[in-house]
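The values are calculated or read from the model by the stated rules, or taken from the named source; none is laboratory data. Keep in mind it's a predicted model, so treat the numbers as computed, not measured. Neighbour counts are summed over all protein chains in view; Cβ atoms, including those assigned to glycine, are modelled from backbone coordinates with ideal geometry. Ligands, DNA and RNA are stripped out before the accessible areas are found, and what is left, the full protein with its side chains, is counted by its heavy atoms. Shrake-Rupley method; radii C 1.70, N 1.55, O 1.52, S 1.80 Å.
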Amino acid sequence: MSYLSNFNAETGKTILVDILKTVNQPDNSKKLAEAKANSGKEMIKMMQNVFPLVMQIQIEVIKDYGFPGNREGLVQFEQIIREFEREEVDIARLRAQIRSIYLPPININSTNDVLI
């Protein structure tokens, strides 16, 4: 596991920034915009259409940093990043930016949605 031997918070930030740059490349940005448009504000559709695209982009980026280029590699990367985000505000902010791509804003205003 060579990627773990020199992995630190700075490496994590670099990878997260690289993921955001890759997401914003014209081709990826267009695919994501189309997937979001097809999903509307429905969480399930977002998870079916947008999340897999973001996941694939992340896998493509992390494999350039030595992680396995598959779902397991992404899980390993996410576990490490979660550890760092507890102490690193920048990592928490970058991770939140990535999550906001596939998680629609949650409407907190619950007007009479509760059945009593």
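A search for C-beta distances below 7 Å between a residue of segment 59-79 that is closer than 14 Å to Thr14 by Cα and any residue that is of a type in the set (Asp, Glu), counting only pairs 6+ apart in sequence or on different chains, returns Val61/Asp18.
If you check Asn28, Asn24 for being open to solvent by less than 60 Å² (accessible area, probe 1.4 Å) and within 15 Å of the chain's Cα centre (by Cα), only one passes: Asn28. Checked against the criterion of being among the polar types (S, T, N, Q) and open to solvent by less than 30 Å² (accessible area, probe 1.4 Å), segment 4-11 contains not a single residue that satisfies it.
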